[in-house]
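Take a look at the structure set out below.
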Amino acid sequence: MELSVIELMRELIPEGTPVVFLGDGEFDGTTLQETLNEAGWCYACRTAQSTVATWEGETFRLDTLGACSKPGTLIALKEVKFTRDAYGPVMVLSCWAKGYQEPLYLVSNMDAAEEACRYYQKRFRIETFFSDQKSRGFHLHKSHISDPQRLSRLLIAACLAYIWIVYLGSVCERDGWISIIHRRKRCDLSLFQLGMRLLEYFLNEESSIPVQFYVII
């Protein structure tokens, strides 16, 4: 399925446009990596600690990299043959950020390990965006829209609304509404969640909304 999506996106994205593909552990297959290379895209994908790789003639599991590192360290090996199929050469990484109990293992075709890690960190923001658009926010998954054009229009509207709600969240922080709609001493909500709660508060109290959202036709 992901290969079909990549082929579709290749037709839509202008040739020569820089593209970076970020994938969770399900997106580390060698066929997928080969397809991304053919498209000329960079990628950084998470892979399992049990994945087997070969470097300088030695075959090992990736968790052996983590076993010889500690929090705050980055280990990168280039010119690696990935999995028992010996796909590559690729770069494999053990990224152990401070404050975490174990490292992340990545496979990438980028030149610099730091660049691959920096891009992969953006994936967590993408996950947050998905949940805000779906179960924790706009519930787009309940629309049951299958027509691409109708879904495209809905996503455009949802993304504009998302920006507005996030800005409402920043207003909530700036103007001291958090203690009224959430807690006085601690806040563990994102700007989106703060914005949603502030909007709900204004609607329930029949108060004017300080930041309006207008569509001018």
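Can you tell me how many residues in the stretch 36-53 are touching a residue at least 40 places away in the same chain (Cβ under 8 Å) and touching a Ser or Thr at 6+ places or on another chain (Cβ under 8 Å)? Break it down into steps so the answer makes sense when it comes.
Within the stretch 36-53, the subset touching a residue at least 40 places away in the same chain (Cβ under 8 Å) is 36-37, 42-49, 51.
Among the residues that remain, those that are also touching a Ser or Thr at 6+ places or on another chain (Cβ under 8 Å) are: 42-45, 51.
Here the count works out to 5.
Please enumerate the residues belonging to the stretch 81-111 that are at pLDDT below 90 and of a type in the set (Gly, Ala, Ser).
Answer for the stretch 81-111, where residues must be at pLDDT below 90 and of a type in the set (Gly, Ala, Ser): Gly88, Ala97, Gly99.
Results for (1) in contact with a helix residue (DSSP H, G or I) (Cβ under 6 Å, 6 or more places away or on another chain); (2) without any contact (Cβ under 8 Å) to a residue 12 or more places away in the chain, shown as yes or no for each residue.
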position	(1), (2)
Pro89	no, yes
Leu104	no, no
Arg118	no, yes
Thr128	no, no
Gln133	yes, no
Leu168	yes, no
Arg174	no, yes
Asp188	no, yes
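Residue by residue through the stretch 128-142, note down the ones that are farther than 19 Å from Leu22 by Cβ, open to solvent by less than 70 Å² (accessible area, probe 1.4 Å) and hydroxyl-bearing (Ser, Thr, Tyr).
Going residue by residue through the stretch 128-142, those that are farther than 19 Å from Leu22 by Cβ are 135-142.
In the following step, the residues that additionally are open to solvent by less than 70 Å² (accessible area, probe 1.4 Å) were identified as 137-138, 140.
Those that are farther than 19 Å from Leu22 by Cβ, open to solvent by less than 70 Å² (accessible area, probe 1.4 Å) and hydroxyl-bearing (Ser, Thr, Tyr): none in the stretch 128-142.
Going through Leu36, Leu8, Leu32, Leu65 one at a time, which residue ends up being modelled with pLDDT under 90, under 22 Å from the mean Cα position of the chain (by Cα) and part of a helix (DSSP H, G or I)?
Details: Leu36 fails: modelled with pLDDT under 90; Leu32 fails: modelled with pLDDT under 90; Leu65 fails: under 22 Å from the mean Cα position of the chain (by Cα).
After ruling out the rest, the residue left standing is Leu8.
List every residue pair whose Cβ atoms sit under 9 Å apart, with the two residues 6 or more apart in sequence or on different chains, where the first one lies in the stretch 13-35 and is small (Gly, Ala, Ser) and the second, anywhere, is part of a loop (DSSP other than H, G, I, E, B) and open to solvent by 40 Å² or more (accessible area, probe 1.4 Å).
Gly16/Gly40; Gly25/Ala48
May I ask you to list the residues in the stretch 112-127 that are in a helix (DSSP H, G or I) and either surrounded by 13 or more Cβ atoms within 10 Å (Cβ to Cβ) or modelled with pLDDT of 90 or more (or both)?
Hits for the stretch 112-127 are Ala113, Glu114, Glu115, Ala116, Cys117, Arg118, Tyr119, Tyr120, Gln121, Arg123.
With Leu22, Leu74 as the choices, which residue is open to solvent by 30 Å² or more (accessible area, probe 1.4 Å), within 30 Å of Ser190 (Cβ to Cβ) and more than 18 Å from the chain's Cα centre (by Cα)?
Sole residue among the options that is open to solvent by 30 Å² or more (accessible area, probe 1.4 Å), within 30 Å of Ser190 (Cβ to Cβ) and more than 18 Å from the chain's Cα centre (by Cα): Leu74.
The values are calculated or read from the model by the stated rules, or taken from the named source; none is laboratory data. These figures come from a predicted structure and were not determined experimentally. Cβ atoms come from the backbone with ideal geometry, glycine included; neighbour counts cover every protein chain shown. Accessible surface areas use protein heavy atoms only, side chains included; no ligands, DNA or RNA. Shrake-Rupley method; radii C 1.70, N 1.55, O 1.52, S 1.80 Å.
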